[in-house]
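Taking it in order: structure first as structure tokens, then the write-up.
The values are calculated or read from the model by the stated rules, or taken from the named source; none is laboratory data. Every value quoted in this text rests on a predicted model; they were computed, and no experiment measured them. Cβ placement follows ideal geometry from the backbone for every residue including glycine, while neighbour counts extend to all protein chains displayed. For the accessible areas, the whole protein counts, side chains as well, though only heavy atoms, and no ligand, DNA or RNA atoms are used. Shrake-Rupley method; radii C 1.70, N 1.55, O 1.52, S 1.80 Å.
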Amino acid sequence: MSLPKCPHCGSEFTYELSDTTFGCSECGNEFTQADIDNASDKFVVLDSVGTELSDGDDVIIVQDLPVKGMPKPIKKGTKAKNIRINENGKNGHFIDAKIDGFGAIGLKGSVVKKG
């Protein structure tokens, strides 16, 4: 029997706590089959290390990002506060953020980590 993935962090390293309850060895989350069923309907954006992002989180840029029309890239380590998840983002840019000194920008989950 294969165990379900964690609905919180997406980890495959889960274990059975009882007949109806499971646990995640990575994030410590406890969940049931109903939690898994409810999570499958939800739109999820993961950061570069696999952590689920949600509205209001702060993220850190993990690589220099060249931006078309700007003389300098957004530097690695730059913080974007109070992000918004946008299901209708273009080309995988599902994170709407504002960066001090730059302005509004759409980001991919693969270039940020929760911070």
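At-a-glance table
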{"quantity": "Filter pass, Lys98 being outside any loop (DSSP other than H, G, I, E, B) and at pLDDT 90 or above", "calculated": "yes"}
{"quantity": "Near pairs, Cβ below 7 angstrom, 6+ apart or cross-chain, from region 70-89 (over 18 Å from Asp57 (Cβ atoms) and outside the structural domain of Lys108 (by the TED database)) to any residue that is at pLDDT 90 or above and of a type outside the set (D, E, K, R)", "calculated": "none"}
{"quantity": "Hits in region 61-95 (condition: part of a strand (DSSP E or B) and over 23 Å from Phe43 (Cα atoms))", "calculated": "Leu65, Ile74, Lys79"}
{"quantity": "Residue within region 5-12 that is over 18 Å from the mean Cα position of the chain (by Cα), over 30 Å from Gly101 (Cβ atoms), not polar (S, T, N, Q) and not assigned by the TED database to the domain that holds Gly109 present", "calculated": "no"}
{"quantity": "Extreme residue, most open to solvent (accessible area, probe 1.4 Å), among residues of region 101-115 that are touching a Lys or Arg at 6+ places or on another chain (Cβ under 8 Å) and not in a loop (DSSP other than H, G, I, E, B)", "calculated": "Ala104"}
{"quantity": "Residues within region 81-97 that are open to solvent by less than 70 Å² (accessible area, probe 1.4 Å) and either in contact with a Phe, Trp or Tyr (Cβ under 9 Å, 6 or more places away or on another chain) or acidic (Asp, Glu) (or both), tallied", "calculated": "4"}
{"quantity": "Selection within region 61-72 - open to solvent by less than 50 Å² (accessible area, probe 1.4 Å) and at pLDDT 90 or above", "calculated": "Ile61, Val62, Leu65"}
